[in-house]
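Accompanying notes for the structure given below.
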Amino acid sequence: MLKVADIHTFYGNIEALKGVSIEISEGEIITLIGANGAGKSTTLMSICGITPPRSGEITFMDQPITNMKPDKIVSLGICQVPEGRRIFPYLTVTENLDMGAFLRKDKSEIKKDMEYIFELFPILAERRHQAGGTLSGGEQQMLAISRALMARPRLLLMDEPSLGLAPLIVKQIFEIIKKINTENNTTIFLVEQNANLALQVAHRGYVMENGRIVLSDEAGRLLSNEDIRKAYLGESI
Amino acid sequence: MISFSEIKKSFFVSLWFMFLTFPIMVIRVNTIENIVEWRWKNMVFVGVGSFLLSFVWRYLIKRKEYGLKKAEEGEEMRISFVRRILQEKKFYVPGLIAVGIFLLAFPLIFSLYQTNIMVSALIFVMLGLGLNIVVGLAGLLDLGYVAFYAVGAYSYALLNYHFHLSFWIALPIGGAMGTLLGVLLGFPVLRLRGDYLAIVTLGFGEIIRLILENWNELSFGPSGISNIPRPSFFGMDLSVHGSMIFIYYIMIVLCLFTIFVVNRLQDSRIGRAWIALREDEVACQAMGIDKAKTKLTAFALGATWAGMAGVMFAAKTTFINPASFTVWESIIILCIVVLGGMGSVLGVIIGALILILLPEYLRAFSEYRMLAFGIVLVVMMIFRPGGIVSDVRRFYRFEGAGGKSGDG
């Protein structure tokens with residue numbers, strides 16, 4: 001579905017991605033784990049077109065999207081849940097969701113999707129007239145995910161959905177991620193620091209270090225990989 | 001809620017003020033007779049005055065905090081008086097009719113002078129509404145807005161001077177020139193926001209003014225362009241009085257048109273994109289909103305109104321020169337938007353009327369105008385940071401199967 005081939009992304013003179021290749025097929029949950037500053041978020045931003053790669057190629061459904069503008073990429077069905085949630089603080093929950101459906105024009109379908117989301121996250125339905133900024137962190141994350149879902153993405157990119165949330169909420173969020181994947185057959189690309197949880201929900205995983213992919217395997221096998229356990233799962237052996 | 005410590009604090013404030021103003025308020029050296037006058041009476045005035053002011057100040061802040069607390073506890077949305085009037089049909093429909101009749105009859109009741117002032121105010125209403133698109137909706141702080149105003153005015157003046165184009169042809173051209181310039185300014189500042197954007201737009205405004213001042217061949221420099229014709233009424237030239245009344249009605253129509261368009265824009269897709277852009281740029285891109293296009297349309301549409309207002313201004317004064325388009329004008333327009341309430345159409349109208357009409361009617365106190373202006377702004381920002389009429393946004397109601405409908 002999505003094929004990232006040897007992309008190099010720069011911030012000014014700094015090379016953040018030094019040849020990253022990733023392949024995602026339809027219906028999968030893929031996770032990208034790695035330490036701070038490894039280039040996980042940059043990979044995501046490169047796919048979205050917000051920081052386009054200087055070389056290399058990205059194809060989505062056999063269509064090159066390497067130097068497309070972010071809004072075009074979204075219209076193809078790649079939607080992002082940005083890092084740190086980034087909901088619209090002064091818009092209400094409903095308006096936030098409505099923004100997610102910005103590119104869609106099928107009003108009745110949008111309405112249906114909104115109902116689906118309120119089923120998925122009943123707490124959002126309760127707070128539908130509340131301004132986004134007044135929600136708690138967990139609720140904001142749910143809102144951010146819901147907002148992305150409103151675009152009916154074929155590929156959902158998530159940047160650290162567990163960031164700054166209580167363990168219990170994180171667990172809930174990951175369950176929802178799994179549910180979205182199985183119920184709607186939405187392909188999910190998950191960038192995470194919380195490697196343990198991410199690998200538990202994902203089918204396959206990529207490990208990133210200093211702008212390079214150093215390892216890729218089935219999630220289960222990565223979980224039992226000794227080096228991974230030592231480096232990312234905080235186990236002392 | 002007024003405690004002893006409050007009084008004590010105010011007391012110290014007054015002591016401090018008495019100390020600060022001592023050299024200028026109390027001591028007066030008479031250099032002719034070589035004596036020093038001690039005016040202790042002034043010190044008492046300063047003391048009592050600053051004590052009272054400080055006390056009122058503290059009291060108001062206290063009350064505001066108390067009000068906020070109460071609003072939180074009640075969990076009910078506090079609906080302001082103005083908003084309640086706006087929502088009740090039986091209040092605002094007759095109100096609207098009364099205002100309409102008053103506006104239509106205005107030039108027939110009042111003198112030419114009054115009409116003249118009103119036209120100025122209406123021009124600023126238009127400018128305020130235009131800037132409201134850029135600052136209030138899209139959240140792009142533009143300090144060089146007057147540049148577009150100048151371009152509109154000069155395009156009418158120059159087109160008329162060289163090609164004898166009439167007002168009616170120049171009006172859309174002036175608007176188009178504004179749009180064009182808005183896009184031109186928009187491109188380089190696409191990546192900027194906040195303070196950086198403000199500085200660049202400030203510079204842009206100054207560049208336009210300096211060009212007009214120094215490029216004598218084009219703009220006739222500081223001496224300006226005079227004898228700009230007033231709009232003709234179906235080919236007839238009117239007397240000074242008649243044409244002012246005519247301009248007044250044109251302004252009313254233009255303002256109504258502006259209000260209509262701005263209202264429609266607010267509820268459109270592009271309006272929602274502006275609001276999203278104002279709130280969060282990254283999220284806005286993640287939602288598939290074209291950032292560049294959204295910013296450019298905000299600049300371009302905002303500038304269009306300024307261009308048309310400029311044409312009106314040139315037609316009204318019949319003489320323009322660069323001195324009418326200084327940074328100060330930009331600031332006034334920005335103040336109109338901020339004071340009236342960012343993003344609120346009614347607020348901007350009220351803001352423009354207050355800021356333009358009051359100084360005219362209070363000419364007797366013109367020396368204190370700036371002082372009053374400053375005080376009003378400071379007080380407003382502390383006690384009503386949202387402006388006189390804070391943005392009455394539409395809320396989407398979503399009632400299960402009932403579906404979503406926008407009203408508000």
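The values are calculated or read from the model by the stated rules, or taken from the named source; none is laboratory data. These numbers come from a predicted model, not from an experiment. For neighbour counting, all protein chains shown are included, and Cβ atoms are generated from backbone atoms with ideal geometry for every residue, glycine included. Just so you know, the surface numbers come from the protein's heavy atoms only, side chains and all, with ligands and any DNA or RNA stripped out. Shrake-Rupley method; radii C 1.70, N 1.55, O 1.52, S 1.80 Å.
What about A:Lys18, is it open to solvent by 10 Å² or more (accessible area, probe 1.4 Å) and under 23 Å from A:Glu218 (Cβ atoms)?
Values: open to solvent by 10 Å² or more (accessible area, probe 1.4 Å): yes; under 23 Å from A:Glu218 (Cβ atoms): no.
Here the answer is no, as A:Lys18 does not meet what is asked.
Going through B:Arg278, B:Arg269 one at a time, which residue ends up being in contact (Cβ under 8 Å) with a residue 40 or more places away in the chain, open to solvent by 30 Å² or more (accessible area, probe 1.4 Å) and within 14 Å of another protein chain (Cβ to nearest Cβ)? Give the steps one after another, and end with the answer.
Numbers: B:Arg269 fails: in contact (Cβ under 8 Å) with a residue 40 or more places away in the chain.
None of the others qualify; the one that does is B:Arg278.
Residue pairs whose Cβ atoms lie under 6 Å apart, separated by 6 or more positions or on different chains, with the first residue in the stretch B:10-32 and assigned by TED's automatic domain parsing to the domain that holds B:Leu60 and farther than 27 Å from B:Tyr59 by Cα and the second open to solvent by less than 90 Å² (accessible area, probe 1.4 Å) and of a type outside the set (Lys, Arg), are B:Met25/B:Asn42; B:Met25/B:Val46; B:Val26/B:Asn42; B:Val26/B:Met43; B:Arg28/B:Glu37; B:Val29/B:Val36.
Would you pick out the residues in the stretch A:92-104 that are among the hydrophobic types (A, V, I, L, M, F, W, C) and surrounded by fewer than 24 Cβ atoms within 10 Å (Cβ to Cβ)? I'd like the intermediate steps shown before the answer.
Here is the first cut: in the stretch A:92-104, the ones among the hydrophobic types (A, V, I, L, M, F, W, C) are A:93, A:97, A:99, A:101-103.
Across the stretch A:92-104, the qualifying residues are A:Ala101, A:Phe102, A:Leu103.
Got a sec? Which of A:Glu235, A:Glu175 is open to solvent by 50 Å² or more (accessible area, probe 1.4 Å), over 14 Å from the mean Cα position of the chain (by Cα) and modelled with pLDDT of 90 or more?
A:Glu175
Only one entry in B:Thr326, B:Thr297 is of a type outside the set (D, E, K, R) and within 14 Å of another protein chain (Cβ to nearest Cβ), namely B:Thr297. Taking each residue of the stretch A:134-157 that is under 18 Å from A:Leu44 (Cα atoms) and touching a residue at least 24 places away in the same chain (Cβ under 8 Å) and looking for partners that are of a type in the set (D, E, K, R) and open to solvent by 10 Å² or more (accessible area, probe 1.4 Å) with beta-carbon atoms closer than 6 Å, six or more apart or interchain, yields A:Gln141/A:Arg85; A:Ala144/A:Arg85. Being surrounded by 14 or more Cβ atoms within 10 Å (Cβ to Cβ), of a type in the set (Lys, Arg), facing another protein chain (nearest Cβ under 9 Å) and over 28 Å from A:Ile73 (Cα atoms): is that true of A:Arg128 here? Spelling it out, A:Arg128 is indeed surrounded by 14 or more Cβ atoms within 10 Å (Cβ to Cβ), of a type in the set (Lys, Arg), facing another protein chain (nearest Cβ under 9 Å) and over 28 Å from A:Ile73 (Cα atoms). If you take the residues of the stretch B:222-262 that are of a type in the set (Gly, Ala, Ser) and touching a residue at least 24 places away in the same chain (Cβ under 8 Å), which of them is surrounded by the fewest Cβ atoms within 10 Å (Cβ to Cβ)? The extreme case among them is B:Ser223. Within the stretch B:181-208, being touching a residue at least 60 places away in the same chain (Cβ under 8 Å) and open to solvent by 40 Å² or more (accessible area, probe 1.4 Å) holds for B:Val183, B:Phe187, B:Arg193, B:Leu202, B:Glu206, B:Ile207. Just to confirm my filter: which strands (runs of 3 or more DSSP E) fall fully inside the stretch A:1-94 and include at least 3 residues that are within 14 Å of chain B (Cβ to nearest Cβ) and touching a helix residue (DSSP H, G or I) at 6+ places or on another chain (Cβ under 6 Å)? In the stretch A:1-94, the matching strands (runs of 3 or more DSSP E) lie at A:78-81. When A:Glu160 is tested against (1) touching a Lys or Arg at 6+ places or on another chain (Cβ under 9 Å); (2) modelled with pLDDT under 90, only condition (2) is not met.
Screening the stretch B:360-408 for residues that are at pLDDT 50 or above and of a type in the set (Asp, Glu) and picking the one that is surrounded by the fewest Cβ atoms within 10 Å (Cβ to Cβ) gives B:Glu367. Residue pairs whose Cβ atoms lie under 6 Å apart, sitting 6 or more positions apart in sequence or on different chains, and linking a residue in the stretch B:312-330 that is more than 19 Å from B:Tyr161 (Cα to Cα) to a partner that is part of a helix (DSSP H, G or I), are B:Phe325/B:Val146; B:Phe325/B:Ala150; B:Phe325/B:Arg209; B:Glu329/B:Val146; B:Ser330/B:Val146; B:Ser330/B:Gly205.
Residue by residue through the stretch A:68-91, note down the ones that are of a type in the set (Asp, Glu) and open to solvent by 60 Å² or more (accessible area, probe 1.4 Å).
If the condition is that a residue be of a type in the set (Asp, Glu) and open to solvent by 60 Å² or more (accessible area, probe 1.4 Å), then A:Glu83 is the only one that fits.
This table checks each residue for (1) part of a helix (DSSP H, G or I); (2) touching a Lys or Arg at 6+ places or on another chain (Cβ under 7 Å); (3) free of Cβ contacts under 8 Å to residues at least 12 places away in the same chain.
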site: B:Lys90; (1), (2), (3): yes, no, yes
site: B:Val99; (1), (2), (3): yes, no, yes
site: B:Ala105; (1), (2), (3): yes, no, yes
site: B:Asn116; (1), (2), (3): yes, no, no
site: B:Val119; (1), (2), (3): yes, yes, no
site: B:Phe124; (1), (2), (3): yes, no, no
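Applying the selection to the stretch A:86-114, what residues are over 22 Å from the mean Cα position of the chain (by Cα) and not hydroxyl-bearing (Ser, Thr, Tyr)?
Selection gives A:Leu91, A:Lys105, A:Asp106, A:Lys107, A:Glu109, A:Lys111, A:Lys112.
Only one of the numbered conditions (1) within 23 Å of B:Met308 (Cβ to Cβ); (2) part of a helix (DSSP H, G or I); (3) in contact with a helix residue (DSSP H, G or I) (Cβ under 9 Å, 6 or more places away or on another chain); (4) free of Cβ contacts under 8 Å to residues at least 40 places away in the same chain is violated by B:His162, and that is (3).
Determine whether the stretch B:148-158 contains at least one residue that is surrounded by 15 or more Cβ atoms within 10 Å (Cβ to Cβ) and touching a Lys or Arg at 6+ places or on another chain (Cβ under 7 Å). Yes, some residue in the stretch B:148-158 is surrounded by 15 or more Cβ atoms within 10 Å (Cβ to Cβ) and touching a Lys or Arg at 6+ places or on another chain (Cβ under 7 Å). In the stretch B:41-61, the residues that are among the charged types (D, E, K, R) form Cβ pairs under 9 Å with partners that are outside any helix (DSSP H, G or I) and surrounded by fewer than 17 Cβ atoms within 10 Å (Cβ to Cβ), at six or more places apart or across chains, as follows: B:Arg58/B:Ile2.
Would you tally the residues in the stretch B:112-151 being touching a His at 6+ places or on another chain (Cβ under 9 Å) and of a type outside the set (A, V, I, L, M, F, W, C)? If you could, list the steps in order and put the result at the bottom.
As a first pass, look at the stretch B:112-151 and keep what is touching a His at 6+ places or on another chain (Cβ under 9 Å): B:112, B:115.
Restricting the remaining residues to those that are of a type outside the set (A, V, I, L, M, F, W, C) gives B:115.
The qualifying residues number 1.
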